[in-house]
1. Tally up the carbon and sulfur contribution to the accessible surface of the chain as a whole percent, 1.4 Å probe, everything protein left in place.
2. Within the set Lys3/Lys42; Lys41/Lys100; Lys3/Lys49; Lys42/Lys140; Lys100/Lys144, which residue pairs have Cα atoms separated by over 25 Å?
3. Val57: accessible area at probe 1.4 Å, nearest 10 Å²?
4. Under the rule of -39500 (n - 2.57) per DSSP H run of 4 or more residues, summed and divided by the residues of the chain, what mean residue ellipticity at 222 nm is obtained, to the nearest 500 deg cm²/dmol?
5. What order do Tyr58, Tyr113, Tyr151 take when sorted by accessible area (1.4 Å probe), most exposed first?
6. Contact order normalised by length for the stretch 103-155, with contacts defined as Cα pairs under 8 Å and 6 or more residues apart; what percent is it?
7. Going through the stretch 101-151, which trypsin sites (Lys or Arg not before Pro) have at most 11 other Cβ atoms within 10 Å and a DSSP loop state?
8. Over the stretch 1-142, what is the mean sequence separation of C-alpha contacts under 8 Å (at least six apart), divided by residue count, expressed as relative contact order in percent?
Amino acid sequence: MLKSHQISLRLLEDNDLEFLYSIENNVDNKKYGANNGYLSKKTLEAYIKNSGADISVYGQQRFVIVLNNISIGLIDLFDFDQINRSAYIGVIVINEYQNKNYGSNALELLISYSWNELDLLSLYANINPVNNISISLFNKFYFKKIKETLYQLNR
């Protein structure tokens, strides 16, 4: 578990199925993400079951953002590249907890984890150009726009 003064990040657990399902299949979230398809509970159960594996096994690692024992979002590393020591980051905070620095806290924890625990050299984020909230969040941590939708942070 990763902790800040406000929030903590923990790996997915079996009891996160409904929360994960609600976020993954939320129509409002799909306008910004790359995954526009529906994900079944069966698919998500299998995903949760394998989520505790080392990032090098499945190339991804997802954390639940927790505030006072309440799940308020997800943040993950994916497309892990062991050779180039890089990964992509995705983050989502549910609406009622947005604009309260929880996303910033989660991103700060994940960047630190990526540098110090995984020894990564680069992090990337694909951000839809109309997603001003995410652009602002990643700019706050000095991610640089390198293509229309691609941002990069080097250690």
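The values are calculated or read from the model by the stated rules, or taken from the named source; none is laboratory data. Everything numeric here is computed off the predicted structure, so don't read it as measured data. In this analysis, Cβ positions are derived from the backbone assuming ideal geometry, glycine residues included, and neighbour counts consider all displayed protein chains. The protein model used for the area step is the full one, side chains on, heavy atoms only, and it has no ligands, DNA or RNA in it. Shrake-Rupley method; radii C 1.70, N 1.55, O 1.52, S 1.80 Å.
1. 47
2. Lys3/Lys42; Lys41/Lys100; Lys42/Lys140
3. Only protein atoms counted, so the area is about 90 Å².
4. -9000 deg cm²/dmol
5. Greatest to least solvent exposure: Tyr58, Tyr113, Tyr151.
6. 40
7. Passing both the DSSP loop test and the Cβ count: Lys147.
8. 23
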